[in-house]
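Just so it is clear, none of the values below were taken in a lab; they were calculated from the coordinates. Bear in mind that the values here come from a model prediction, so they are computed numbers and not experimental data. Every residue, glycine as well, gets a Cβ built from its backbone with ideal geometry; the counts of neighbours run over all protein chains shown.
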Amino acid sequence: MPVFSVRKSIRIAAPAQKVYDLVREFKSWPAWSPWLIAEPGAKMTFTPDGRGYAWNGDITGSGEMEITGGDPPWSIDYRLTFLKPWKSVNKVSFHFSEHDHETLAEWSMEGTLPWYMGWMKGMMSGWIGADYDRGLKMLKDLIETGSVPSKLDFTGIHPAGGFKYIGVKSSCAIADIGPSMERDMAKLMAWLGKSGTIPFASPFAITHKWDPAKGLAEYTIGFPVSNPVDKPDGFVTGEIPTCRAYVIKHTGAYRHLGNAWASGMMHGRAKKFTADKKVPLFEIYDNDPTVTPEAELVTRVHLPAK
């Protein structure tokens, strides 16, 4: 059977014992799980001895996780069994080590796919790696601050689009998308101030490509404009057509926006909507990050739907 492996890590400003204790407690997982955030209502049951749990949901599928070993507080080993959408058994581990008053938390998985899904090996590693990155970021916030600034509201299908725009189109590593978008926004803001152009709505970003397997992204960040404008060098113009979209409202830090996108993809696979691939994915930023606390930032993720 096709074998894949994933390993991701993050530094957390806390002793290893504190990180170990929270990860070891399965009842804490809903607060930082990169999958359960997509379906808070998924049914969870915990074994009396605290060494395992099972989940069952329409979005997350079903499965079981059981602690099989480890070396407290430095490691935990698990057996992860997926029952739906397909059956597989995987080895999962956490390893913790202390460095300069921080803990390096490493999360790994070794798993298999059904033989007929061997072609998905690279994509599966990329997807799970992206999920692990999201989960580790939430784990870090939860341990360091006591909360995770990422809340999702699945608002359903709404009318969307129907505007022209001017923007900056860029490609970058997914890991660098935050700084890259900040640079492009600064470029846009400087041009707006110089040209006197007034946008009629909030800024947005289009996702043209997102490839977790290769770690690459391509996007356009821009402003809606009511009338055509002269396009300066280094800028692009275009239009998002009138459409319908499955909208997810994300309230919280931009570093956790992947939670909304990943959850939207999971909802699409669960047939909560049918994607319209003729219209690009886009997100709209409702407030100003320079004056709004990050926990109150609102971003509306739009997944065009038929």
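General remarks:
- Reach of K187 by Cα under 25 Å, taken over lysines that are not fewer than 8 positions away in the same chain: K164, K169, K209, K231
- Computed from the C-beta positions of E239 and A186 and an R0 of 22 Å, the FRET efficiency is 0.35 to the nearest 0.05.
- Set against the labelled values (1) 56, 43, 35; (2) 65, 46, 31; (3) 58, 51, 41, Cα extents along the principal axes in Å computed from this structure falls on (2).
- Note on K91: lysines with a C-alpha under 22 Å away, same-chain residues under 8 apart excluded, are K8, K27, K121, K137.
- Spacing of the two label points (7 Å from each Cα toward its C-beta) at T197 and S62, in nm: 5.4
- Likely footprinting exposure, M265, M189, fewest C-beta neighbours within 10 Å first: M189, M265
- Extending 7 Å from Cα along the Cβ direction at K27 and again at V89 yields two label points whose distance is 2.9 nm.
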